[in-house]
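S.K.: Here it is: the structure, laid out below.
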Amino acid sequence: MPNEPFTKDLADIWQRQPVEPIKMSADELRHKAKKFQNRIRARNLLEYAAGVYVVLAFGSFLLHAGSFPMRLGCILTIAGVLYVTYQIYRKGSAKPLPPQMGLTPCLEFHRRELERQRDLLFGVWHWYLAPLVPGLAITTFAGAFGAKGITPRSATIAVVYSLAAAALFYFIWNLNQKAASKIQRQINELE
């Protein structure tokens, strides 16, 4: 392409130009940190509500389950959701921004909070998704194979449910990776 060297030169000039650091007051940083903390609280409330819903739903399934594998799957799913909810509370709760902080301590606090949330999101497979796999897998296969045993229809149902669960888990994992990358960009901006 004839314009390629010209475009490369412009890109090099643009990338080499001096970048003026972003200046932020302590109040602006406090506002930004508070806004981040509010988003974390809202996320956690949504997760807690979803956890309550899943526990109630699988508790209902448990009461009506006819087979031992189905009951076991429901119990493991409930246990997985309770574990996930506890981890969100323990590792993902927003820590309040201490009042009367100067710029440097406020910046350090906000950076640590960003790093903590980033690490939580990057590790979502270990503490969020994996604990749900055993219960959901047993429930899916117990429901699909039930009292009639394996039939072409029940095998198809099990495969479809498994693929849907895998797609949902991938979506959740990918969403969390993108959110963690966004937080990493915020951390980089603080430097």
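S.K.: Among residues belonging to segment 40-57 that are of a type in the set (G, A, S) and more than 17 Å from L121 (Cβ to Cβ), point out the one that is surrounded by the fewest Cβ atoms within 10 Å (Cβ to Cβ).
M.R.: My answer is A49.
S.K.: Since G146 meets every condition but one in (1) at pLDDT 85 or above; (2) within 18 Å of L76 (Cβ to Cβ); (3) surrounded by fewer than 17 Cβ atoms within 10 Å (Cβ to Cβ), which condition does it not meet?
M.R.: Here G146 clears every test but (1).
S.K.: Right, next: Would you check if there is a residue in segment 125-135 being farther than 30 Å from Q184 by Cα, touching a residue at least 60 places away in the same chain (Cβ under 8 Å), crowded, with 17+ Cβ neighbours inside 10 Å and small (G, A, S)?
M.R.: yes
S.K.: Out of everything in segment 149-175 that is among the small types (G, A, S) and touching a helix residue (DSSP H, G or I) at 6+ places or on another chain (Cβ under 8 Å), what residue ends up being surrounded by the most Cβ atoms within 10 Å (Cβ to Cβ)? Break it down stepwise before answering.
M.R.: Taking segment 149-175 and keeping what is among the small types (G, A, S), we get 149, 154-155, 158, 162, 164-167.
Checking the rest, the ones that are also touching a helix residue (DSSP H, G or I) at 6+ places or on another chain (Cβ under 8 Å) come to 154-155, 158, 162, 165.
Working: S154: 16, A155: 13, A158: 18, S162: 15, A165: 16.
Among them, the one singled out is A158.
S.K.: Now a separate question. Would you point out the residue of segment 3-56, among those that are among the polar types (S, T, N, Q) and assigned to a helix (DSSP H, G or I), that is modelled with the lowest pLDDT?
M.R.: Going residue by residue through segment 3-56, those that are among the polar types (S, T, N, Q) are 3, 7, 15, 17, 25, 37-38, 44.
Okay, now just the ones that are also assigned to a helix (DSSP H, G or I), so 7, 15, 37-38, 44.
Numbers: T7: 59, Q15: 64, Q37: 91, N38: 93, N44: 96.
The selected residue is T7.
S.K.: What's the number of the condition A94 fails, among (1) under 19 Å from A49 (Cα atoms); (2) aliphatic (A, V, I, L, M); (3) modelled with pLDDT of 95 or more?
M.R.: Of (1) under 19 Å from A49 (Cα atoms); (2) aliphatic (A, V, I, L, M); (3) modelled with pLDDT of 95 or more, only one is false for A94: (3).
S.K.: Additional query: Report every pair of residues separated by at least 6 positions or lying on different chains whose Cβ atoms are under 8 Å apart, first residue within segment 23-43 and within 16 Å of P98 (Cα to Cα) and in contact (Cβ under 8 Å) with a residue 60 or more places away in the chain, second among the acidic types (D, E) and in a helix (DSSP H, G or I).
M.R.: Matching pairs, first to second residue: A33/E113; F36/E113; Q37/E113.
The values are calculated or read from the model by the stated rules, or taken from the named source; none is laboratory data. Keep in mind that what you see is a predicted model, and the values were worked out from it rather than measured. Cβ coordinates were reconstructed from backbone atoms using ideal geometry, including for glycine residues, and neighbour counts include every protein chain displayed.
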